[in-house]
Amino acid sequence: MKDDCIFCKIAAGQIPSATLYEDGDFRVILDLGPAARGHALILPKEHFADLSEINDETAEKVLPLAKKMSAAMTKALGCAGMNLVQNNGEAAGQTVRHFHMHIIPRYENGPKMVEWEPGKLEEADKVQIVEAIKAAL
Ligand code: 5GP
Ligand code: ZN
């Protein structure tokens, strides 16, 4: 646990939150500034700043939990779809440096979000990108 981390405190139950689910590894809470009704956050109880720090054991448990929450939320809220969003780093919009996954219910005719203008994958750049990433694995 990191002393100055708000999500560590929420995950540990030291700061109250609207908790939807809790087990030994995670707490799932409602986001205080929801993008849509029922917007939830999966917080690991252990502190990891982001995806680059999370251990494999915790990472392996995140997606099954997202699936479980997503099914319950769909049933309970009647949403028409679901976005999983997970920001890493300030440039990516991460404002709280404690790994978390957003589960955002989507409704018919709801607000637009998580969308971008498609660019074009240029042939020369494609080759360079593929080679660079493969070499870095
Ligand atoms: P990020 O931008 O880091 O991916 O997302 C941080 C999220 O945490 C935001 O959606 C924000 O509304 C939410 N948030 C920030 N502080 C609190 C808090 O104290 N309690 C809850 N429940 N959500 C918070
Ligand atoms: Zn933390």
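Can you say whether Leu43 is aliphatic (A, V, I, L, M), open to solvent by 50 Å² or more (accessible area, probe 1.4 Å) and closer than 21 Å to Glu90 by Cβ, as far as the supplied structure shows? The answer is no for Leu43. When Val114, Val85 are checked against the criterion of being in contact with a His (Cβ under 6 Å, 6 or more places away or on another chain) and surrounded by 10 or more Cβ atoms within 10 Å (Cβ to Cβ), Val85 stands alone in meeting it.
Pairs are defined by a Cβ separation below 8 Å, a sequence spacing of at least 6 or placement on different chains, a first member in segment 75-104 that is farther than 16 Å from Asp31 by Cβ and modelled with pLDDT of 95 or more, and a second member that is within 9 Å of ligand 1 (Cβ to nearest atom) and open to solvent by 50 Å² or more (accessible area, probe 1.4 Å); no pair meets this definition.
Residue count for segment 72-98 satisfying the condition of being within 16 Å of ligand 2 (Cβ to nearest atom) and among the basic types (Lys, Arg): 1. A single member of Pro44, Pro64, Pro16 is modelled with pLDDT of 95 or more and within 16 Å of ligand 2 (Cβ to nearest atom), and it is Pro44.
Just one residue in the set Lys45, Lys68, Lys61 is among the basic types (Lys, Arg), under 28 Å from Leu137 (Cα atoms) and within 15 Å of the chain's Cα centre (by Cα); that residue is Lys61. For beta carbons closer than 8 Å, sequence separation of 6+ or different chains, a first residue in segment 7-28 that is touching a residue at least 40 places away in the same chain (Cβ under 8 Å) and within 14 Å of ligand 1 (Cβ to nearest atom) and a second that is open to solvent by less than 40 Å² (accessible area, probe 1.4 Å) and small (Gly, Ala, Ser), the qualifying pairs are Leu20/Ala40; Val28/Ala40.
The values are calculated or read from the model by the stated rules, or taken from the named source; none is laboratory data. What you see is a predicted model; the values in this text were computed from it and never measured. Here Cβ is always computed from backbone atoms with ideal geometry, including for glycine, and neighbour counts include all displayed protein chains. SASA here: full protein model, heavy atoms, side chains in, ligands and nucleic acids out. Shrake-Rupley method; radii C 1.70, N 1.55, O 1.52, S 1.80 Å.
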